[in-house]
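The values are calculated or read from the model by the stated rules, or taken from the named source; none is laboratory data. It should be emphasised that the depicted structure is a prediction, and the values quoted were computed from it without experimental measurement. Heads up, the Cβs are rebuilt from the backbone with ideal geometry, glycines too, and the neighbour counts pull from every protein chain shown. Ligands, DNA and RNA are stripped out before the accessible areas are found, and what is left, the full protein with its side chains, is counted by its heavy atoms. Shrake-Rupley method; radii C 1.70, N 1.55, O 1.52, S 1.80 Å.
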Amino acid sequence: MRVDKEDCQDFSRALTLEWLEANGRGGFASGTVVGASTRRYHALLLTARTPPTNRVVLVNQVEEWLDIGEESYPLSTNLYPGAVHPEGYRRCIGFTTEPWPTWDFDCDGTRVRRELLSVSGRDIVILRWTLSGGPAAALLRVRPKLTGRDYHATHHENSRLSSGAMSGPGVVSWQPYQDVLRVTAFHSGNYRHAPDWYRRIEFPIDRERGLDYQEDWWSPGEFSLSLTPNESAVMALTTEPLEFLDAGRVIEEERGRRIERREAAASNDSLAGPLRHAADAYLVQRGAGRTIIAGYPWFADWGRDTFISLPGLCLATGRSDEAWTTIASFASYVSEGMVPNRFPDSGEAPEYNTIDASLWFIDAVGRYAEAVQHEVGIREVAWPAVKQILDGYRRGTRYGIRMEGDGLVTGGVPGVQLTWMDVKIEDWVVTPRHGKPVEIQALWVRALKIGEALARRFGEDAYAEQCRRDRSRAVRSFKKRFWYEEGGYLYDVIDGPDGDDASLRPNQVYAIALTDDLVSRTRGQQVLRLVQSTLLTPVGLRTLSPNDPRYRPRYEGGVIERDSAYHQGSVWPFLLGPFVTAWVKSFGRNAKTRADARRFLCGLEDHLREACLGHISELFDAEAPHRPRGCFAQAWSIAEPLRVLLEDLGAETAPRPVKTVTTRQTVRGTSTSKRPRAPSNMGRTKESSAKRRTRDPFS
């Protein structure tokens, strides 16, 4: 993803272009092409103390000036009330995300390249500057800006901060607060300790979202780094307790890893390659195994998001090891037939407030079992968890979730949101969907089919027959009850507190995508044509028909304004996944149908070059120009389009070997003969409390 000189020096444009460097541990660096931070989550060194959660911002930015003779040129940019200072973007002549964020500056004929990379699997960020052309030497002055705060918070000048430093040749460290990790800088220059405060840095995106939008940064001192043509100066920032760091070697190792990743992501499709390349950012460490970050910058791993994303990020791309360790990590937490939806940051009990995460878990297990020969692991770890979920839904579990006499699954109690349309504002559940939601029935029917197949695979014929009978009953009831004749589509929810809900929403496409026998081909085509004409946009599906009086065309404003629009019209790109799958199934797996379906994804290809470069946003406004909103990089926004490109549309990528596991597989040293336990401090956002469980931490 390259940005040319014109866009780099267009302040308004470059301010909207963001970049992301994830380290595979839940930590990440991010910022804008212009250099200024526009949200509290932009930082250079942001680490997860208990990967992938408990995140803290340690180093927000470094301010850089290049001194050549008597002239001093800024390379940095910051926003203050009514002012932009310094204005380094005016010297920027190019930016690229490959192999990592790289800026080129022209200082009156002297060119300097600035590179920034997060090291995979480590809490290390490296900055490198290289001079080309111009005089024989120049001096680079660098001032780091620190906070040491929770990544959801803001930081302000205070008397508690410790302004000392520990320094030696080529190394200096600071610990502004006792309860945060020490930051160490390895450098190739000289350090002068000169503490100072930089006050009232502004975050315009936070201001748009109705949040506290100013912050104070503490700067401990200044580095002086000598630059000569074609030679580099390097600084590494880390929380790791190292006495020495060979930054050059680390850079080359990271370069080799990224070249290998890029080659593995090569594709004959112009969208599949970039999506597969982006997928790496969401697969992160979770205890002894792996998990999937729901989105950057404010999500951790959630049950629903994880298992919707897993087929596209892992199975379709041949990353079976990551798929298995993710399944195994969650399997140990099944409770009363439910997979956790959220694991809090600070060691609190997991939250099980979802009706669909458990069913998405079974879907992922079924897909894994089809893709990988891993008999022992599936039988001893995944299958018991699948049975607990099926039996729990049959008996009944939390929040009134249960299979009723008609074979369909119902759920819901006042004040609780259970489906993916999960916004809650104080005591108001915006889209409660209590009763029998359409996609839950599709998931339940699919889960029973997977249960029957696994039971027969493991010689449990009686259990298989029970799943078959329950599934047949559910299919009959669905066909009888869900068709809304007047509208020519499926009810969104039936048997709710107020009866049947005929809201025209996209959830019905799952009834076509997930199983073959809930909707006839003729009716399926009718549904999809209606969804195409009413809900489809270039970047995803609207969550509500524009003809509905509750429809909200824009996702903007403060907390209440945004949340009330979250699922009342806003466009979600991940829904293109089930829509394309359903389209291909309904209209035939021929070249013309696939070509038509591929065009539904073209808007996402364009979007890769806006917002967070190389990634896809969480959601968009319902109306043109469909401005990107929410998280700037969302896992299922990548995963579902990638899945359909590889599975349904025939895109090809560099082949990966598919593993066959015939003995007990080890998950980072933990035998799968025992269900491995993930740490108890799994989490998404600190601010999502029992009273407020919305997807935006400030909602």
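Here are some notes:
- Residues in the stretch 192-214 that are buried (at least 16 other Cβ atoms within 10 Å of the Cβ) and among the aliphatic types (A, V, I, L, M): 201, 205, 211.
- Test: residue 3 is among the aliphatic types (A, V, I, L, M) and over 23 Å from the mean Cα position of the chain (by Cα): yes
- The stretch 522-544, residues that are within 30 Å of residue 211 (Cα to Cα) and either of a type in the set (Ser, Thr, Tyr) or not in a loop (DSSP other than H, G, I, E, B) (or both): 537, 540, 541, 542, 543
- You will find that of 438, 445, the residue that is at pLDDT 95 or above, under 17 Å from residue 363 (Cβ atoms), surrounded by 21 or more Cβ atoms within 10 Å (Cβ to Cβ) and in contact with a Lys or Arg (Cβ under 7 Å, 6 or more places away or on another chain) is 445 and no other.
- Which listed residue is more than 21 Å from residue 380 (Cα to Cα) and buried (at least 24 other Cβ atoms within 10 Å of the Cβ), from 307, 299: 299
- Set side by side, the residues 146, 139, 127 differ, and just one is at pLDDT 95 or above, farther than 25 Å from residue 242 by Cβ and outside any loop (DSSP other than H, G, I, E, B), which is 139.
- Within the stretch 197-205, at least one residue is outside any strand (DSSP E or B), out of contact with any Pro (no Cβ under 8 Å at 6 or more places or on another chain), at pLDDT 95 or above and among the aromatic types (Phe, Trp, Tyr).
- Meets criteria (of a type in the set (A, V, I, L, M, F, W, C), modelled with pLDDT of 95 or more and over 18 Å from residue 363 (Cβ atoms)) for residue 493: yes
- Pairs, first touching a residue at least 60 places away in the same chain (Cβ under 8 Å) in the stretch 622-650, second in a helix (DSSP H, G or I) and basic (Lys, Arg), C-beta under 7 Å, six or more apart: 642/276; 649/594; 649/598
- Residue pairs meeting the criteria (Cβ under 6 Å; at least 6 apart or on separate chains; first under 15 Å from residue 529 (Cβ atoms), in the stretch 584-595; second among the aliphatic types (A, V, I, L, M)): 584/597; 586/528; 593/584
- When the stretch 380-409 is filtered for residues that are more than 25 Å from residue 454 (Cβ to Cβ) and either among the acidic types (Asp, Glu) or under 29 Å from the mean Cα position of the chain (by Cα) (or both), only 399 remains.
- Note on the stretch 545-572: among residues that are over 23 Å from residue 211 (Cβ atoms) and charged (D, E, K, R), the one that is least open to solvent (accessible area, probe 1.4 Å) is 548.
- If you filter the stretch 217-270 down to residues that are in a loop (DSSP other than H, G, I, E, B) and either touching a Cys at 6+ places or on another chain (Cβ under 6 Å) or among the hydrophobic types (A, V, I, L, M, F, W, C) (or both), you find that the one that is most open to solvent (accessible area, probe 1.4 Å) is 244.
- Taking first residues from the stretch 148-173 that are over 26 Å from residue 297 (Cα atoms) and touching a residue at least 12 places away in the same chain (Cβ under 8 Å) and partners that are surrounded by fewer than 18 Cβ atoms within 10 Å (Cβ to Cβ) and among the basic types (Lys, Arg), the Cβ contacts under 8 Å between residues at least 6 apart in sequence or on separate chains come to 173/182.
- Within the stretch 390-405, the residues that satisfy the criterion of being of a type in the set (D, E, K, R) and open to solvent by 50 Å² or more (accessible area, probe 1.4 Å) are 395, 398, 402, 404.
- Among the numbered conditions (1) in a loop (DSSP other than H, G, I, E, B); (2) at pLDDT 95 or above, the only one that residue 643 does not meet is (1).
- Cβ pairs under 6 Å, 6+ apart, first in the stretch 61-90 and under 16 Å from residue 134 (Cα atoms) and of a type in the set (S, T, N, Q), second open to solvent by 20 Å² or more (accessible area, probe 1.4 Å) and modelled with pLDDT of 95 or more: 72/65
- Note on the stretch 369-409: residues that are aliphatic (A, V, I, L, M) and outside any helix (DSSP H, G or I) amount to 5.
- Across the stretch 133-164, the number of residues qualifying as open to solvent by 50 Å² or more (accessible area, probe 1.4 Å) and touching a strand residue (DSSP E or B) at 6+ places or on another chain (Cβ under 9 Å) comes to 9.
- Set side by side, the residues 247, 278, 294 differ, and just one is aliphatic (A, V, I, L, M) and under 30 Å from residue 225 (Cα atoms), which is 247.
- Among the residues making up the stretch 462-476, a single one is under 18 Å from residue 494 (Cβ atoms) and small (Gly, Ala, Ser): 474.
- Single unsatisfied condition, residue 333 versus (1) open to solvent by less than 30 Å² (accessible area, probe 1.4 Å); (2) aromatic (Phe, Trp, Tyr); (3) closer than 30 Å to residue 568 by Cβ: (3)
- Looking across the stretch 556-580, the residues that are of a type outside the set (Asp, Glu), in a helix (DSSP H, G or I) and within 22 Å of the chain's Cα centre (by Cα) come down to 559, 562, 573, 574, 575, 576, 577, 578, 579, 580.
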